[in-house]
Amino acid sequence: MSMPRKYQYALVLFIVLLPVVAVLLLLYRPQSDALWRIVSQQCLPHQSTTGVPTPCARVNTKQGYVLLKDRKGILQYLLLPTRRNSGIEDPQLLSPATPNYLAAAWHNRDLLSQRYGSAIPDRLLSLTINSRYGRTQDQLHIHLSCTRQHIVTDLWRIYPTLRTQWRRIGDIEGKRYWARRLSNATLERESPFILLAQLAGTPDAMADYGLALLPAPDGQLILLATRRALWRGNLASIETIQDHRCPQLYPQSAGTP
């Protein structure tokens, strides 16, 4: 059965307009340095002068990062570098001399448990970094938050098929994903951004990827990545695998947007 003509026109219009909308979103980023200004003009000076890094929750100047409670979400925190770093495409992230920000974020997941008031199982949590095209802030920020339950279920189901090399997995909500195993020991000695570069192929391609870290059922870890594909409506905003309402911990929030 052929598609009605009006739907054909609508589809063509959607395909034509999608790249335009994506470019406009990329160019129009109101206050894209807002997070950096909080770090550089508030957290670091307050830590230096008073020993209290308000509004940040933690500051580690030795390892070069801060933790900031995000305004969105009950438990969501952000890890940000204490030096200028534009995001996942920043060449600094491919240098072994750069702090391992993802490892630091995972080590600081206890902040969510502290805010919640009791220990949160690791299986409920994840870290995400959006692509250059799927974010609004031009300072690297790692989202620490709750994971959507069906994402965990799907990844744990295929976990036995994963290896320590990237492989294509089934689409998630119409978007292409790649995944690989990551041991806790590997996380300590090698930055996942450098591992992502093996999938991206070239440093310039890093901007197209979103990256996530999740716990595996055997106590190890999973790296998950998606790549920008405008024709699929995918800006590689991998943060969508998270649910900042944390409905597993706050069932009453499950019905709220």
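The values are calculated or read from the model by the stated rules, or taken from the named source; none is laboratory data. Quick caveat, the model's predicted, so the values are computed rather than measured. Cβ sites come from the backbone with ideal geometry, for glycine too, and all protein chains shown count toward neighbours.
General observations
- Options Ser95, Ser113, Ser118; residue that is more than 24 Å from Pro215 (Cα to Cα), more than 17 Å from the chain's Cα centre (by Cα) and not acidic (Asp, Glu): Ser95
- Residue within segment 139-158 that is within 21 Å of Leu75 (Cβ to Cβ) and in contact with a Pro (Cβ under 7 Å, 6 or more places away or on another chain) present: yes
- Applying the criterion of at least 1 residues that are under 25 Å from Ser237 (Cα atoms) and of a type in the set (Phe, Trp, Tyr) to the strands (runs of 3 or more DSSP E) found wholly in segment 44-96 leaves 65-69, 77-81.
- Taking the criterion of being in contact (Cβ under 8 Å) with a residue 60 or more places away in the chain and either over 22 Å from Ser40 (Cβ atoms) or buried (at least 17 other Cβ atoms within 10 Å of the Cβ) (or both), the residues of segment 88-104 that qualify are Ile88, Glu89, Leu93, Leu94, Pro96, Thr98, Asn100, Tyr101, Leu102, Ala103.
- In the set Ser131, Ser191, only one residue is in contact (Cβ under 8 Å) with a residue 12 or more places away in the chain and in contact with a Gly (Cβ under 8 Å, 6 or more places away or on another chain); that residue is Ser131.
- Filter pass, Pro19 being more than 20 Å from the chain's Cα centre (by Cα), more than 30 Å from Ile120 (Cα to Cα), modelled with pLDDT under 95 and not hydroxyl-bearing (Ser, Thr, Tyr): yes
- Test: residue in segment 147-169 that is in contact with a Phe, Trp or Tyr (Cβ under 6 Å, 6 or more places away or on another chain), free of Cβ contacts under 8 Å to residues at least 12 places away in the same chain and either over 20 Å from Asp218 (Cα atoms) or surrounded by 19 or more Cβ atoms within 10 Å (Cβ to Cβ) (or both): yes
- Qualifying residues in segment 208-230 (those that are at pLDDT below 95 and of a type in the set (A, V, I, L, M)) - the one nearest to the chain's Cα centre (by Cα): Ala229
- For the criterion of being of a type outside the set (S, T, N, Q) and at pLDDT 95 or above, Gly233 fails.
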